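One structure below.
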Amino acid sequence: KRLVSYVAACASCMLLSSPAFAQDNCAILAFEGGTSIINSATSIDGDVCYTDGVTSTTNQKAEDFDGTVRVHSGSTFSFTSKNFAPSGGIIDDGSMDPFLTQEDARLKALSADLATLGATASPGSSVLDADWMLSSAINDVAVVELTEVDYNSNVLTLDGVGRFVFNITGAADFRWADSTVNLIGGATADNVIWNFTGPADIVINKATTS
């Protein structure tokens, strides 16, 4: 599972399901100068990466964290070890600086490129707030433009072996509670990306991938 369950305030970040999008498995990457706070996570599968100038403090907590935290020496990061203990540890000695600087630049360029893709599908409005099925065939990219996600006990079904890109624009709200991503027809989490092009409040509570 690469859809994390956590409460976060995230300024310009990406939830990266795929190693094809995020090298070395950064499941979450906060861009330079942004803010990302993980508060009361149920589970995280993958690395969390904080680039230069990122602020990540206050109530960091994750119950089940299978991954590593990579921290740029120029970021502001604090945590309590009993509440925030990734299986791969926390690397904050500066050794990750070249990698994080490179990833920040690479993923900003990718984010900008993805944001220019025209929408190929829509749930009927710019707000995703009801059960929906989206298909993507081999060699295709299904692109959805949204300003808000408000899921509560809903199901998002992704069907097919293509890729799925969700561009979340503006000062967005992303709220996900007791909801499920259902992958069918060969769809995998590796082919899904949520691209936040501006500051966003992301609240994920009890997310399931099946």
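With every protein chain present, what accessible area does D178 have (1.4 Å probe, heavy atoms only), rounded to the nearest 10 Å²?
Its heavy atoms expose roughly 80 Å² to the probe.
Relative contact order for the stretch 96-179 using alpha-carbon pairs under 8 Å, separation at least 6, rounded to a whole percent?
Computed over the stretch 96-179, the figure is 28 percent.
Nearest 5 is fine: what % of DSSP beta bridges in the chain come out antiparallel, could you say?
Restricted to the chain, the bridges split so that about 20 percent are antiparallel.
When a/c reaches 1.5 or more, the comparison of a/b and b/c decides; with that in mind, is the chain rounded, prolate or oblate per its Cα gyration tensor?
Because a/c hits 1.5 or more and a/b exceeds b/c, the chain counts as prolate.
Kindly write out, for the stretch 145-161 in residue order, the coupling ³J(HN,Hα) from the Karplus curve 6.51 cos²θ - 1.76 cosθ + 1.60 (θ = phi - 60°), rounded to whole Hz, with x marking Gly and Pro.
The phi angles translate into 9, 9, 10, 7, 10, 9, 10, 9, 6, 10, 10, 9, 9, 10, 10, x, 9 Hz.
Relative contact order for the chain: what is it in percent, counting Cα pairs under 8 Å that are at least 6 residues apart?
The value is 21 percent.
Find the accessible area per residue for the stretch 144-210; the probe is 1.4 Å, ligands and nucleic acids are left out, and the unit is Å².
Heavy-atom SASA per residue in the stretch 144-210 reads 36 Å².
Using alpha carbons only, how many degrees (0 to 90, rounded to 10) separate the axis of helix 97-115 from the longest principal axis of the chain?
Between the helix axis and the principal axis of the chain, the angle is about 20 degrees.
Using per-residue counts of other Cβ atoms within 10 Å, averaged over each peptide, order 184-190, 39-45 from highest down.
39-45, 184-190
The values are calculated or read from the model by the stated rules, or taken from the named source; none is laboratory data. Just so it is clear, the model here is predicted, and its values are computed rather than measured. Glycine gets a Cβ as well: all are built from the backbone with ideal geometry, and neighbour counts include every protein chain shown. The area values use the complete protein model at the heavy-atom level, side chains included, leaving out ligands, DNA and RNA. Shrake-Rupley method; radii C 1.70, N 1.55, O 1.52, S 1.80 Å.
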